[in-house]
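So the structure is just underneath, and the comments pick up after that.
Quick note: the coordinates plus some simple rules give every number you see, no bench work behind them. Keep in mind that what you see is a predicted model, and the values were worked out from it rather than measured. Quick reminder, even Gly has a Cβ in these numbers, built from the backbone with ideal geometry, and neighbours come from all protein chains shown.
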Amino acid sequence: MKTVNERRSRNWFARDGKDGFIYRAWLKKQGIPASELEGKPIIGICNTWSELTPCNSHFRELAEAVKRGILEAGGYPLEFPVMSLGETLMKPTAMLYRNLVSMDVEESIRANPLDGVVLLCGCDKTTPALIMGACSVDIPTIVVSGGAMLTGRHMGTSIGTSDIWRFSENVRAGKMSNEELAMAEAGMCRSDGHCAVMGTASTMACMVEALGLSLPQNAAIPAPDAARKVLAQLSGREIVKMVEEDRRLSHILTREAFENAIRVNAAIGGSTNFVIHLLAIAGRIGVQLELQDMDTFSNGIPLLANLQPSGSFFMEDLYYAGGLPAVINALLPHLHKGCLTANGQTIGQNYANAVSYNKEVITDLESPFNKLSGIVVLHGNICENGAVIKPSAASSHLMQHTGKAIVFEDIDDYKKRIDHPDLDVDENSVLVLKNVGPKGYPGMPEVGNLGLPAKLLAKGITDMVRISDGRMSGTGFGTVVLHVSPEAAAGGTLAILKDGDTITLDVHARKLFAHLTDEEIAQRKSNWQPNYPLSTRGYVQLYQQHVEQAHLGADMDFLKGGSGSEVTRDSH
C-alpha cells in the first residue's frame, strides 16, 4: 500500500518551482482543473486503436467506457497512443514489430506521470507487446481486450477465419469458384472485433484472463456486445483500486500463474503462438519459464472447448456457453487456485461458481471434447532446441510418420515450385520450409501451414507433414511442425536439409529427426553459408542482430527483465 504522496504522479505534479509549473500548466492547457492533479491517481489508457488495425478499430469507444470507470472511482484518465500492429495488413509480418511496440509501451509508461495503466489490446501481437512493455516497468496494470467479432455467415453456414485456409485450398483444387470466394469474403467480418475462432487473438485474450491480468469474462465477450463496454468501465474502476492497493504485475505474474495459463491454453485448444508470447512475457517479468514447460504442464489436460480450428464452434458460442470462467471452473482441480488476480481475488474465488450452459461447447474433465490437447514440444537433430506441434489440430494418421523431404529454401522458392507439375511429391512426402524464422524472413511470419501441392489437392489430399522455423496463424490447422530452433538462418540442422532426406515425426515420442549421421550433419554444416536477406539500417537491422531464437520467446536479448518505474531526472 502506497500513500498519496508516494505515487509516481506526485513526482511531477507536486513539485515546486519551474518543473512543477511546467508539468501542471501544460496539462491545464487541456482544460483540466488543478484539483484533478492534486492527489488523484493518474491512470494511463494505452490505446492501440488504428484504422490500419481493423480488429482494434472500435477502441475509441472502448476507451471512453474505461474513462468513465476511472472517473467514477476517483482517478483521472489520460489516454495515449502506441504503435498498433494490424495482423491482416502489415508486411512482412506483424511479429517483426512486436518487440518494437513493447519498447514503445515501456518507455511511454515509464517516462510519463502514470500511477497505473489500462492496456487496450485485441489483434494478435498487440496483447503480448503491451504486456511485455508494461512488465518491464511494473506498475499497477489491467488489460481490457477488444473481443471477437460476430460469427461469419456464408450460404447458410457459420464461418470464421479458419475457413479461409479451406476456401483457399478448395479454389486451388477447383472445388470452389472465385465468385463463391468473393461471397464468403463479404460474409466473413460482420462486426467489430478480432477473429471469431480460437485464433491467436482469442488465445491471447484467454491467456490474459488465465494469468489474472483482467476481470473475469474478459476473454470471450463479443466486441459488439454491450457487456464488453460494461467490462471496460468496471476495469476503469478496478485500476484505481489497484493503484490504491499497489497491486502490480509482479504480484500477479508468478510462476504458478504461468503454469495455470499453460493448462488453460491446453483446455481451449489455444494457438501455438501462445508459446512464443508467454515465454517473452515471462522473460520480462523475471519468471523462469522454458519451452519444455509448455508440454509438461499441458500434458494430461484434455480439450474442453469445442472451438475452431480444433473443433466446430466460435468465440461467440463460447461466451453464450459460460465463457472462459466455465472452462477455468472445470479445470480448477488442476490449477493453482491461490493465484492473485487483478481484482484482488484469487483464481479459485473468481471462478468457483462458474457454470457451462452448453456441454456441447464447453465440456468437462469426465467427458472432454478431445483427450488430445495442448502443445507438444519436439526434440531431435532437426530441432536441437525444440519445435512445437498442436495435436488437436493435426491428423491422427500423421502423428507417427516417415517420409522423404521436399525442401524449399525460402518462401519465394516455395511459391515458385509448389504447384509445378514436375515437383516430385506425393502424400507421404514431408514439406520443409527454411528461412522463415526470426532472423531469416525476418520476423517469423505465419506461413508454416504451407498450402499443399495442387496435384495432391486434386487427388483429395487434405493434410501432409509440414516443417518450418516459422509460425502458423492460430486459426490454422494441420500436421504442422513450427518454431524449429535453431532456425535455418542461425545455422541449425534445418538449414542443411536436402530434397530426398528421410524425416521421421513421432509426436507420441516427442521426436523429430532426419535420418542422417552426426558426421554427415557436421560435414554439411561445415559447407553451409547463410543465404537470407540482411537489413543494413534501422529497426530491422537492430532486430536481426539481437532477436533471440523461438525457444526463448523471440524477444531482443537486451530487453529481458525491466528497468522499473523510477525516473529521477527532469526535462528542464
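Side notes on the structure shown:
- Karplus 3J(HN,Hα) series, Hz, for the stretch 538-544 with 6.51 cos²θ - 1.76 cosθ + 1.60 (x for Gly, Pro): x, 4, 5, 4, 4, 4, 5
- The chymotrypsin sites (Phe, Trp or Tyr not before Pro) of the stretch 293-378 that DSSP puts in a loop, and whose beta carbon has at most 12 other beta carbons within 10 Å, are Y357.
- Of the trypsin sites (Lys or Arg not before Pro) in the stretch 351-440, the ones in a loop by DSSP (not H, G, I, E or B) with at most 15 other beta carbons within 10 Å are K359, K371.
- Taking a ≥ b ≥ c as the square roots of the eigenvalues of the Cα gyration tensor, an a/c ratio of 1.5 or more together with a/b larger than b/c marks the stretch 113-262 as prolate.
- Set of lysines with alpha-carbon distance to K91 below 28 Å, sequence-local pairs under 8 removed: K125, K390, K415, K416, K434, K439, K560
- Scaled against 2.2 N^0.38 Å for its residue count N, the alpha carbon radius of gyration of the chain is 0.98.
- Derived value for the stretch 413-572: Kirkwood hydrodynamic radius 17.8 Å. Basis is the mean of 1/r over every pair of different alpha-carbon atoms.
- Surface/4 of the Cα convex hull for the stretch 306-381, nm²: 7.0 nm²
- Between helix 126-135 and the chain: long-axis angle, C-alpha atoms, 0 to 90°, nearest 10: 50 degrees
- Overall dimensions of the stretch 231-289 by Cα: Rg and Dmax, Å: 13.8, 37
- Only helices enter the 222 nm calculation for the chain: every DSSP H run of n ≥ 4 contributes -39,500 (n - 2.57), and dividing by all residues gives -10000 deg cm²/dmol, rounded to 500.
- Amide H partners (placed H, <5 Å) of N370, local residues excluded: L303
- Peptides 220-228, 522-530, 443-451, ordered by how many other C-beta atoms sit within 10 Å of their residues on average, highest first, read 443-451, 220-228, 522-530.
- For K2, a cut-off of 15 angstrom between C-alpha atoms picks up these aspartates and glutamates, skipping any fewer than 8 places away in its own chain: D115, D138, E244, E245, D246, E566.
- Cα gyration tensor category, rounded, prolate or oblate, for the stretch 316-453 with a/c compared to 1.5: prolate
- Legend note: in the chain, cysteines whose Cβ sits 4.7 Å or more from every other cysteine Cβ are C46, C121, C135, C189, C195, C206, C339, C383.
- Hull volume in cubic angstrom per residue (convex hull over the Cα atoms of the stretch 41-165): 109 Å³
- Counting only the Cα atoms, the stretch 99-138 fills a convex hull of 53 Å³ per residue.
- Sequentially through the stretch 169-176, phi angles give Karplus couplings (6.51, -1.76, 1.60; θ = phi - 60°) of 5, 5, 5, 5, 8, x, 8, 9 Hz, Gly and Pro residues having no value and appearing as x.
- In terms of its C-alpha gyration tensor, the stretch 1-59 has a prolate overall shape, because the principal axis ratio a/c (a ≥ b ≥ c, square roots of the eigenvalues) is not below 1.5 and a/b outweighs b/c.
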